[in-house]
1. Consider residue A:49 against the criteria (1) crowded, with 18+ Cβ neighbours inside 10 Å; (2) in contact with a Lys or Arg (Cβ under 8 Å, 6 or more places away or on another chain); (3) not basic (Lys, Arg): it satisfies all of them except one. Which criterion is unmet?
2. Give me the residue from region B:71-85 that is part of a loop (DSSP other than H, G, I, E, B) and hydrophobic (A, V, I, L, M, F, W, C) and, out of that set, farthest from the other protein chains (Cβ to nearest Cβ).
3. Which pairs have Cβ atoms under 7 Å, sit 6 or more apart or on different chains, and link a residue in region A:96-118 that is over 12 Å from residue A:155 (Cα atoms) to one that is modelled with pLDDT of 95 or more and basic (Lys, Arg)?
4. Would you mind finding the one in B:154, B:170 that is modelled with pLDDT under 95 and surrounded by fewer than 23 Cβ atoms within 10 Å (Cβ to Cβ)?
5. Taking residue A:113, is it at the interface with chain B (Cβ under 10 Å from one of its Cβ atoms), more than 16 Å from the chain's Cα centre (by Cα) and surrounded by 19 or more Cβ atoms within 10 Å (Cβ to Cβ)?
6. Considering each of B:137, B:199, B:132, B:106 in turn, give the residue that is touching a Lys or Arg at 6+ places or on another chain (Cβ under 7 Å) and either surrounded by fewer than 22 Cβ atoms within 10 Å (Cβ to Cβ) or touching a residue at least 60 places away in the same chain (Cβ under 8 Å) (or both).
7. Within region A:65-87, identify whether any single residue is more than 14 Å from chain B (Cβ to nearest Cβ), surrounded by fewer than 24 Cβ atoms within 10 Å (Cβ to Cβ) and at pLDDT below 95, and answer yes or no.
8. Go through region A:81-121 and count every residue that is farther than 20 Å from residue A:68 by Cα and of a type in the set (Gly, Ala, Ser).
Amino acid sequence: MSSVAVIDYGMGNLHSIAKALQHASPEVDVRVVSDKQSILAADRVVFPGVGAIRDCMHAVQAAELTEVITEVAQSKPLLGICLGMQALLSTSEENGGTDCLNLIPGKVIHFAKDMQDVEGQKLKIPHMGWNKVQQNQHSLWQDITQDSRFYFVHSYYAQPDDDAAIAATTEYPQAFTCAIAKDNVFAVQFHPEKSQTVGLQLLKNFLHWDGQS
Amino acid sequence: MSLAKRIIPCLDVDNGRVVKGVKFVDIRDAGDPVEVARRYDREGADEITFLDITATHDNRDTIVHVVEQVASEVFIPLTVGGGIRKLEDIRCMLNAGADKVGINSAAVFNPEFVKQAAEKFGSQCIVVAIDAKKVSATGESDRWEIFTHGGRKGTGIDAIEWAIKMVDYGAGEILLTSMDRDGTKIGFDLELTRTVSEAVSVPVIASGGVGKLAHLVDGVKEGKADAVLAASIFHFAEYSVQEAKEYMQAEGIEVRLT
């Protein structure tokens, strides 16, 4: 039986993610864990997170997880979700500038203020709700229709230095990177655990992923 | 634009049971919030909101169990409102599987609570629910005031200023209910909705007064709402969520069809 570790470092609703993973693949052993050994013992790792990036980075450091996450990012399938995606980049604009894990070179930036849609209507921040995801070729999109809608809630987004790391984009109103992929690391800005059928399919694909693109 | 306007069915829950009689033919127990939530999820609801109207504190735990059960099989965002007064209440709901909490009267009595809640849990899970009533006389320029106790008690607080303040304090979303329209089925207070939506930077959910599908369209087009919430039209199976979305799409509104 394969296993997946959901990293518990005090940031985010881990139960939702654990339940969704279990629902997506009932045969997988899903564990919500916080210690290094348990994380490294799992076949796959999910790095979730909601809230503010500085709190997130502090929590990662306080739990002494920086090295573990770095090790996982080099050795086994890793899925970053929301803030767990942003934390993988080099730096974030949030909280006056915050250093992140630098596992994917790039930065995290705020949506422009005073954005408008094509009809001139003000666009709200946070970007909240179901938006279309334009996929680039990757095995984690298997059996998910192009332009499917996933659930987002965020005010900052990742901008990787290398365009080859962009696994999907979403428009708000300009296209931004909503998924990144680099070797055995995949990360999404949206919440697959809250994106109904398509979200569960993505989780299922991750739970069967060998870490190759 | 590709972000969909959201449709959010709302369930009033008292002691763990859906309050208003539901007449769905395809579910066994129409009073079971888990079954009703499951149905709304199947129909394509974008989120589900539970309003806990349980009067006694002792029975509060029942809503937690409801959320736990729903969250273990319905994978869309869940919001719980009603009786959220302490940080501990929020922690409890989030742990049960809620994604957001609605704070209403506790915000009016202690605005700092919203600030603390947003700092602790993040703005993304803090919805400030505003119950507003028009207080301007005919001929005067429109003015709405915040009411508490189900619309019975005025507070003297201007609704628009209040919405701006709550966003400033960290609200990630505003759930705006017109107490004049609630239960009337004559449509949203569009002036109120538009005024609030244009005044704040965060998404606004329009609520109160939906009686037919055209009202949902008006809420988005004229009210500039980012999401629309309704209870009875879905509850009594007058329309399904799916029908509502198809109607909105035919009217040129971007929705998520599953």
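1. (2)
2. Applying the first criterion (part of a loop (DSSP other than H, G, I, E, B)) to region B:71-85 yields B:72-77, B:82-85.
Cutting the leftovers down to hydrophobic (A, V, I, L, M, F, W, C) gives us B:74-76, B:84.
Working: B:74: 8, B:75: 5, B:76: 5, B:84: 16 Å.
Among those that are part of a loop (DSSP other than H, G, I, E, B) and hydrophobic (A, V, I, L, M, F, W, C), it is B:84.
3. Taking only residues 6 or more apart or on different chains, the pairs are A:104/A:182.
4. On the way: B:170 fails: modelled with pLDDT under 95.
Selected residue: B:154, the only one of B:154, B:170 that is modelled with pLDDT under 95 and surrounded by fewer than 23 Cβ atoms within 10 Å (Cβ to Cβ).
5. Values: at the interface with chain B (Cβ under 10 Å from one of its Cβ atoms): yes; more than 16 Å from the chain's Cα centre (by Cα): yes; surrounded by 19 or more Cβ atoms within 10 Å (Cβ to Cβ): no.
When the stated conditions are applied, residue A:113 does not pass them.
6. Numbers: B:137 fails: touching a Lys or Arg at 6+ places or on another chain (Cβ under 7 Å); B:199 fails: touching a Lys or Arg at 6+ places or on another chain (Cβ under 7 Å); B:132 fails: touching a Lys or Arg at 6+ places or on another chain (Cβ under 7 Å).
One residue alone meets the criteria, B:106.
7. No, region A:65-87 contains no residue that is more than 14 Å from chain B (Cβ to nearest Cβ), surrounded by fewer than 24 Cβ atoms within 10 Å (Cβ to Cβ) and at pLDDT below 95.
8. 6
The values are calculated or read from the model by the stated rules, or taken from the named source; none is laboratory data. Given the structure is predicted, the values throughout are model-derived calculations rather than measurements. No Cβ is skipped: glycine too gets one built from the backbone with ideal geometry, and neighbour counts run over all protein chains shown.
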